[in-house]
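Down below is the structure, laid out as structure tokens.
The values are calculated or read from the model by the stated rules, or taken from the named source; none is laboratory data. Here the structure is a predicted model, which is why all the values come from computation and not from measurement. Glycine gets a Cβ as well: all are built from the backbone with ideal geometry, and neighbour counts include every protein chain shown. Ligands, DNA and RNA are stripped out before the accessible areas are found, and what is left, the full protein with its side chains, is counted by its heavy atoms. Shrake-Rupley method; radii C 1.70, N 1.55, O 1.52, S 1.80 Å.
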Amino acid sequence: MRLAVEEINRSSRLLPNVSLGYHIWDNPKDAPFLRGLFRLAPSQRGRPPCTVDWARKVVGVVGPYESALAPLASHILGLYGLPQVSYSIKDEDFDNRGRPPLLFRTVPSTAHQLDGIVALIRAFRWEWVSAVGSGTKATQESVRILIDRAAARGICVSYQGLMPGGPVATFDQLEKVVENIKRAGTNVTVILGNAAIARQFFQVVIALEITGKVWVATESWVLSDVVAALQGMERAGTFLGLTIRPIRLPHVKRFVEEALRDGPPKGSSCPASCPPSCPPPSPDSLASLLGSSLWDWAFYSYTAAYALAHALHLRLGCSRREDCPAGQEPRPWQLLETLREVDFPLLSHTIRFSPQQDLFLGYDIITWSWKDNGVDYVKIGSYTARSLDINRTQIQWPGPEGQIPISSCARECPTGQSRSKRMLDECPCRCEDCVEGTFQNQTNSADCLPCPNGTWSPPRSARCFPPSVSFLRLSDGNVVALLAVALLGFLLLLGCLVVFATHRHTPVVRAAGGGLAFVMLAALLGSCATALLFVGRPSAQACLVRQPVFALCFTACVSCLLVRSLQVVLIFKAAGRLHRARHCWRRFRGPYLAVGLSCGVQATLCGLWLSLSPPALVQTALGPREVSLRCWEGPFLGLGAVLGYITLLAGACFLLAFWGRHLPENYSEARLLTASMLVFLMGWGSFLLTYATAEGPSTAALQMFTVQTSVYAVLCAFFLPRCYVILCRPQRNTAAHFRTCIQAYTTAAADTGPTPPGPRGE
């Protein structure tokens with residue numbers, strides 16, 4: 001500023017015949033600064049010798065340098081009507097909405113910086129970013145402006161957070177902000193705040209090991225060594241930012257060096273009662289001062305002095321004459337309009353205040369480049385109101401291949417997805433998969449639709465599917481095993497039938513019941529064949545016939561066993577007392593009549609069951625993706641009556657077998673029949689328990705297995721031993737052998753009746 005004043009005073013074109021003076025407060029603190037501001041009041045006259053009567057001559061104020069003091073200075077100077085030209089207010093801590101209209105700035109306002117940030121983001125085609133600011137009102141306003149201007153350029157600020165400002169910010173508070181950025185999923189984050197806040201923030205970023213991101217810095221901390229020097233910052237990612245364009249003043253350093261060596265200018269000395277001047281600096285201090293980057297931005301305080309001078313030049317009307325009119329002293333507030341009108345060239349730049357009373361000469365775009373000895377602030381481009389130029393080759397991008405990170409907003413969500421509506425998303429920029437049970441068959445939809453009842457969908461589905469139907473399939477290994485067992489039983493029964501048919505006139509076949517044995521084999525073959533009714537997709541017809549067919553077939557088999565056991569016991573135990581009854585039994589073919597009556601009772605039970613509560617085909621949901629197609633047997637009473645009747649016959653057969661346990665070995669099968677009946681009872685008891693408590697294909701598989709165990713119990717206990725005797729022990733399949741066994745039985749027992757007849761089997 002002193003350089004500018006001296007140049008203006010030496011100029012013959014600017015303020016001719018007028019000399020400018022100045023008063024400088026160097027590095028003011030709050031209390032001295034306030035005292036200095038109040039000394040500018042026009043009424044402060046007649047003060048002690050050190051306080052010369054200069055207050056009434058003050059027409060404007062340049063500064064202050066400390067941005068924290070700017071609001072206070074604007075408020076107080078506004079009371080006096082003194083125009084204020086600031087050269088350093090450039091961060092968000094100054095509330096633009098609350099400043100009075102007497103403040104001008106030779107630096108661009110925050111709005112220009114936000115426009116530059118949006119242009120920078122747009123240049124790399126980033127459309128989905130996060131923005132974080134400190135907790136001040138000015139920063140909150142900056143975040144709002146950034147969101148609005150980014151949205152106008154097609155950029156989505158998905159997450160906006162606020163960091164607690166100052167020393168009150170704890171690690172936990174900042175950790176929540178960083179975690180929210182991580183959850184938002186953006187790769188680019190704008191950090192609005194001063195260097196102190198940015199340092200605290202990145203300490204948390206480093207501690208949480210957030211790497212590979214792009215961080216966009218504001219002018220307030222992009223050149224801050226206290227932030228860039230944090231250990232581990234190079235792992236955080238790429239740093240880009242905007243800074244006010246440095247403009248070097250020619251000969252400023254030589255002027256400063258001469259000024260410090262020569263002391264205060266002529267005529268500026270104060271009386272002895274004033275504080276002494278500062279001693280000249282040492283050579284080392286002078287070299288450090290002259291080498292500081294501070295002089296790169298001295299142009300803006302230099303411009304502030306020239307702006308006030310040109311405003312005064314216009315107000316005095318100096319442009320219309322050779323010299324400015326003598327003795328005229330304009331009031332400070334009169335310079336307000338002329339400050340808005342100033343328009344002059346200065347070092348190849350046009351100085352003209354915008355309607356917002358700031359000066360925008362452009363920004364430099366900076367990136368951080370880490371070297372072995374630290375970080376370099378590399379200029380990679382520039383931004384003006386008309387253009388943005390970037391040299392992308394100088395940017396160190398995160399990642400092994402150095403590719404520009406992608407942070408794009410989904411233009412269109414495909415089918416099976418919807419726009420994200422998470423709490424952290426301020427704009428629908430993400431696509432999220434439809435969850436299980438929902439679908440979306442249109443693109444770019446806001447919501448996923450629930451599947452209709454009875455259907456399901458996997459995640460990210462464009463349609464719903466009917467549930468898969470579960471039943472006993474031929475591709476199931478367990479079903480194949482059960483069919484193999486049924487086929488083996490069927491073949492064994494066919495073999496027994498062939499053996500019995502071939503040796504139908506032998507004593508073994510006649511003792512097994514003769515014709516009843518063939519009825520039993522046919523019934524067991526039918527029972528074994530019902531296994532096919534349990535495999536494959538069930539139908540309503542199969543549900544109606546499979547249980548009655550098995551019940552009738554197995555009833556015929558057990559009835560034959562019962563009749564055969566009854567004949568043997570009565571012949572050996574009471575043949576002499578039932579001679580007349582035996583004759584009638586043979587005459588009217590009693591065995592077949594008894595079996596027919598027994599099957600008739602079972603048929604009646606099945607008929608009542610099918611007419612009152614028949615089995616039906618039902619579909620039971622096993623989950624959202626699967627339903628069980630099975631035969632529901634109706635109320636338990638119907639199935640229980642049918643199986644209960646078979647159980648009753650089996651119990652009677654068991655009692656007769658137990659009663660005839662001492663008969664000749666050719667006629668007594670007490671042990672084998674007991675075992676077979678126990679297998680039958682236990683198998684069907686387990687099935688009924690499972691049927692009452694379980695659903696699905698397992699019930700049909702268990703029933704199929706129970707049918708086969710019932711068939712195998714009779715096959716193994718009754719027919720296979722006789723086939724063994726017929727084929728492997730022919731000497732025991734003779735009439736003489738049977739008579740010998742009968743004689744041995746009658747000799748051992750107390751014979752009270754006639755000797756039983758031979759093994760006719762009828």
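Among the residues of region 179-199, those that are under 17 Å from LEU230 (Cα atoms), among the aliphatic types (A, V, I, L, M) and not in a strand (DSSP E or B) comprise ALA195, ALA196, ILE197, ALA198. Scoring SER407 on the criteria (1) part of a loop (DSSP other than H, G, I, E, B); (2) among the hydroxyl-bearing types (Ser, Thr, Tyr); (3) open to solvent by 30 Å² or more (accessible area, probe 1.4 Å) leaves a single failure, condition (3). Only a single criterion out of (1) of a type outside the set (Val, Ile, Thr); (2) modelled with pLDDT of 75 or more; (3) open to solvent by 20 Å² or more (accessible area, probe 1.4 Å) is not satisfied by CYS318, namely (3). How about region 484-510: which of its residues are more than 20 Å from PHE554 (Cβ to Cβ) and within 60 Å of the chain's Cα centre (by Cα)? ALA484, the sole residue that qualifies. You will find that of LEU639, LEU629, the residue that is in contact with an Asp or Glu (Cβ under 7 Å, 6 or more places away or on another chain), open to solvent by less than 30 Å² (accessible area, probe 1.4 Å) and not in a loop (DSSP other than H, G, I, E, B) is LEU639 and no other.
For every residue, the table says whether it meets (1) modelled with pLDDT of 90 or more; (2) assigned to a helix (DSSP H, G or I); (3) small (Gly, Ala, Ser); (4) more than 27 Å from GLY596 (Cβ to Cβ).
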| position | (1), (2), (3), (4) |
| --- | --- |
| ARG473 | no, no, no, yes |
| ASN478 | no, yes, no, yes |
| GLY489 | yes, yes, yes, no |
| VAL498 | yes, yes, no, no |
| ALA501 | yes, yes, yes, no |
| ARG504 | no, no, no, no |
| VAL508 | no, yes, no, no |
| VAL519 | yes, yes, no, no |
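Here ALA228 meets the list (1) more than 23 Å from the chain's Cα centre (by Cα); (2) under 17 Å from GLN113 (Cα atoms); (3) among the aliphatic types (A, V, I, L, M); (4) crowded, with 23+ Cβ neighbours inside 10 Å almost entirely, failing just condition (2).
I'd like the residue in region 377-402 that is small (Gly, Ala, Ser) and under 27 Å from ALA111 (Cβ atoms) and, out of all such residues, is modelled with the lowest pLDDT. That would be ALA385. Of all residues in region 17-72, those satisfying the criterion of being at pLDDT below 80, aliphatic (A, V, I, L, M) and within 60 Å of the chain's Cα centre (by Cα) are ALA31, LEU34, LEU37, ALA68, LEU69, ALA70, LEU72. Please go through region 516-533 and pick out each residue that is more than 60 Å from the chain's Cα centre (by Cα), crowded, with 19+ Cβ neighbours inside 10 Å and of a type outside the set (A, V, I, L, M). Listed by number, the list is empty, since nothing qualifies.
Residue check: GLY513 meets all listed conditions (1) outside any helix (DSSP H, G or I); (2) under 46 Å from the mean Cα position of the chain (by Cα) but one, namely (2). Of the residues making up region 148-160, those that are open to solvent by 10 Å² or more (accessible area, probe 1.4 Å) and more than 19 Å from LYS182 (Cα to Cα) are ASP148, ARG149, ALA151, ALA152, ARG153, GLY154. If you go through region 5-24 and keep only what is assigned to a loop (DSSP other than H, G, I, E, B) and farther than 16 Å from VAL58 by Cβ, you end up with SER11, SER12, ARG13, LEU14, PRO16, ASN17.
Yes/no matrix, rows are residues, columns are (1) modelled with pLDDT under 95; (2) of a type outside the set (D, E, K, R); (3) more than 39 Å from the chain's Cα centre (by Cα):
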{"site": "LEU336", "(1), (2), (3)": "yes, yes, yes"}
{"site": "ARG340", "(1), (2), (3)": "yes, no, yes"}
{"site": "PRO345", "(1), (2), (3)": "yes, yes, yes"}
{"site": "THR350", "(1), (2), (3)": "yes, yes, yes"}
{"site": "ASP358", "(1), (2), (3)": "yes, no, yes"}
{"site": "GLY362", "(1), (2), (3)": "yes, yes, yes"}
{"site": "TRP370", "(1), (2), (3)": "yes, yes, no"}
{"site": "ILE404", "(1), (2), (3)": "yes, yes, no"}
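Taken over region 200-214, the criterion of being in a loop (DSSP other than H, G, I, E, B) and not polar (S, T, N, Q) is satisfied by LEU208, GLU209, ILE210, GLY212.
Residue-by-condition table, conditions (1) in contact (Cβ under 8 Å) with a residue 24 or more places away in the chain; (2) on the phi < 0 side of the Ramachandran plot:
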{"site": "GLN357", "(1), (2)": "yes, no"}
{"site": "ILE365", "(1), (2)": "yes, yes"}
{"site": "LYS371", "(1), (2)": "no, yes"}
{"site": "TYR377", "(1), (2)": "yes, yes"}
{"site": "GLY402", "(1), (2)": "no, no"}
{"site": "ILE406", "(1), (2)": "yes, yes"}
{"site": "CYS409", "(1), (2)": "yes, yes"}
{"site": "PRO414", "(1), (2)": "yes, yes"}
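Can we say GLU234 is open to solvent by 60 Å² or more (accessible area, probe 1.4 Å), at positive phi and not small (Gly, Ala, Ser)? It is false that GLU234 is open to solvent by 60 Å² or more (accessible area, probe 1.4 Å), at positive phi and not small (Gly, Ala, Ser).
The set of residues in region 329-358 being in contact with a helix residue (DSSP H, G or I) (Cβ under 9 Å, 6 or more places away or on another chain), open to solvent by 90 Å² or more (accessible area, probe 1.4 Å) and among the polar types (S, T, N, Q) consists of GLN356 alone. Please go through region 163-187 and give me each residue that is over 13 Å from GLN203 (Cβ atoms), crowded, with 17+ Cβ neighbours inside 10 Å and modelled with pLDDT under 80, ordered by number. Selection gives GLY165 alone.
Taking residues in region 329-343 that are within 12 Å of LEU312 (Cβ to Cβ), and partners anywhere that are open to solvent by 20 Å² or more (accessible area, probe 1.4 Å) and in a helix (DSSP H, G or I), the pairs with Cβ atoms closer than 6 Å and at least 6 places apart or on different chains are PRO330/ARG315; GLN334/ARG315; LEU335/ARG315; THR338/LEU314; THR338/ARG315; VAL342/HIS310.
Per this entry, GLU92 is not counted among residues that are within 50 Å of the chain's Cα centre (by Cα), modelled with pLDDT of 85 or more and farther than 17 Å from SER301 by Cα. Of all residues in region 425-449, those satisfying the criterion of being of a type outside the set (Val, Ile, Thr), surrounded by 14 or more Cβ atoms within 10 Å (Cβ to Cβ), at pLDDT 85 or above and on the phi < 0 side of the Ramachandran plot are ASP433, CYS434, GLU436, PHE439, GLN440, CYS448, LEU449. Taking the options LEU570, LEU561, LEU578, name whichever one is out of contact with any His (no Cβ under 9 Å at 6 or more places or on another chain) and at pLDDT 80 or above. Matching residue, one of LEU570, LEU561, LEU578: LEU561.
Taking the criterion of being buried (at least 18 other Cβ atoms within 10 Å of the Cβ), among the polar types (S, T, N, Q) and modelled with pLDDT under 75, the residues of region 665-684 that qualify are ASN666, SER668.
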